[in-house]
1. Considering only the other residues whose Cβ falls under 14 Å of the Cβ of residue 13, what net charge follows from Lys and Arg at +1 and Asp and Glu at -1?
2. Based on C-alpha coordinates, I'd like the Rg and Dmax of segment 49-138, in Å.
3. Taking the Cα centre of the chain as origin, work out the dipole magnitude from +1 charges on Lys and Arg Cβ and -1 charges on Asp and Glu Cβ, in debye rounded to 20.
4. I need the semi-axes of the equivalent ellipsoid of segment 10-79: take the C-alpha gyration tensor, multiply each eigenvalue by 5, square-root it, list largest first in whole angstrom.
5. Could you give the radius of gyration (one decimal) and Dmax (whole number) of the Cα atoms in segment 97-138, in Å?
6. Heavy atoms only, probe 1.4 Å: what % of the accessible area of the chain goes to carbon and sulfur, would you let me know?
7. May I ask you to list the aspartates and glutamates whose Cα is less than 17 Å away from that of residue 82, ignoring any residue fewer than eight positions away on the same chain?
8. Which is the longest stretch in the chain that no exposed loop site breaks, taking sites as chymotrypsin sites (Phe, Trp or Tyr not before Pro) with a DSSP loop state and at most 13 other Cβ atoms within 10 Å?
Amino acid sequence: MFFSSCISTRSTLKNVDDNAPIPKLSANNTFIITEYSKDKRYGYNKDYPVNIFFYNTNNEQLNEERFLNALAGPKGEKITYKKVETCCPFPSKRTAMGAGFLNVYEINWEGQKKPVILYVNIYEKGYLKCPMGLSIKK
């Protein structure tokens, strides 16, 4: 009998950077984001997720919220977001089970024609940037 794993032995994530700094927090308890991504895949493609990283699994959503609450619509509009699924398993040394997953968020703002879908990774590190088409909340 053969068993196959649903987790690839090789990560497809392209933008992991263990040298990325730990994001700083603003007075509003959001991450301070100063750069805009120049890569249209950043956050929008499962191989180029926003790599947030966290230190423990007690409240994995905290850093996702810190990132998402630092964003605004393209013209500074207030955004709303909701987690719509968890997907895309990948190997990770940062979890007890040896695998991480991406969380998928739907982003909305007033006047928007179609919701934006962002892929967020809490297991790996990377430079936090504002995805193209969104802006940094003022």
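1. Summing Lys/Arg as +1 and Asp/Glu as -1 gives +2.
2. 13.5, 43
3. It works out to roughly 320 debye.
4. For segment 10-79, the semi-axes come out at 20, 18, 12 Å.
5. For segment 97-138, the Cα radius of gyration and maximum Cα-Cα distance read 13.1, 42 Å.
6. Percent of accessible area from carbon and sulfur atoms in the chain: 51.
7. 60, 64, 65, 106, 110
8. Result for the longest clean stretch: 56-138.
The values are calculated or read from the model by the stated rules, or taken from the named source; none is laboratory data. Because the structure is a prediction, the values reported are computed rather than measured. Neighbour counts run over all protein chains shown; Cβ positions are idealised from the backbone, glycine included. These accessible areas exclude ligands, DNA and RNA; they are computed on the full protein's heavy atoms, side chains included. Shrake-Rupley method; radii C 1.70, N 1.55, O 1.52, S 1.80 Å.
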